[in-house]
Amino acid sequence: MNFQVPQFIEVEDKIFGPLTFKQFVYLAGGAGAIFIVYILLPLWLGLWLILPVGALSLALAFYKVNNRSFIYVLEASFRYLLGAKLFLWQRKDTTIKATTITLGAEREVAIPKLSQSKLRDLAWSLDIKENLK
């Protein structure tokens, strides 16, 4: 028995001419909102609402971010803005305290004082003294 496997299941069907059902709904909803604003408000005042509503409906219908619909970007941005945030970063003191060691009359070497652990300080000072010789 041969079975037919569906192909291109990620591609939406074009139902209304060159538009998918979602695109048609976004454009029809935007056009309806624009028409209501145009009827209820004078044109000079209505333009302040007509332009953003038209831009949003066009973006929802056609604009893609990283090959995903604009509605997913809006959803993620609303979840980020309204959701709880957890801040973990804390600034630590990054100043380095230095002591100087005189090696003869010609050289002075600044050795930073690292106080996180004595073993680390000891290993670092041994590396410095070994590299100076």
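The values are calculated or read from the model by the stated rules, or taken from the named source; none is laboratory data. On a predicted model such as this, the values are computed, not experimentally measured, just so you know. Cβ coordinates were reconstructed from backbone atoms using ideal geometry, including for glycine residues, and neighbour counts include every protein chain displayed.
Specify the residue that is modelled with the lowest pLDDT; the eligible residues are those in the range 1-30 that are loosely packed, with under 15 Cβ neighbours inside 10 Å and of a type in the set (S, T, N, Q). Steps first, please.
Keep residues of the range 1-30 that are loosely packed, with under 15 Cβ neighbours inside 10 Å, which gives 1-18, 21-22, 28.
In the following step, the residues that additionally are of a type in the set (S, T, N, Q) were identified as 2, 4, 7.
Numbers: N2: 86, Q4: 86, Q7: 80.
Result: Q7.
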In the range 59-81, anything in a helix (DSSP H, G or I) and surrounded by 15 or more Cβ atoms within 10 Å (Cβ to Cβ) is listed as A59, L60, A61, F70, V73
Of the residues in the range 30-58, those that are without any contact (Cβ under 8 Å) to a residue 12 or more places away in the chain, assigned to a helix (DSSP H, G or I) and farther than 29 Å from V11 by Cα number 11
With the first residue restricted to the range 6-28 and required to be free of Cβ contacts under 8 Å to residues at least 12 places away in the same chain, and the second required to be part of a loop (DSSP other than H, G, I, E, B) and of a type in the set (A, V, I, L, M, F, W, C), Cβ contacts under 6 Å at 6 or more apart or on different chains are none
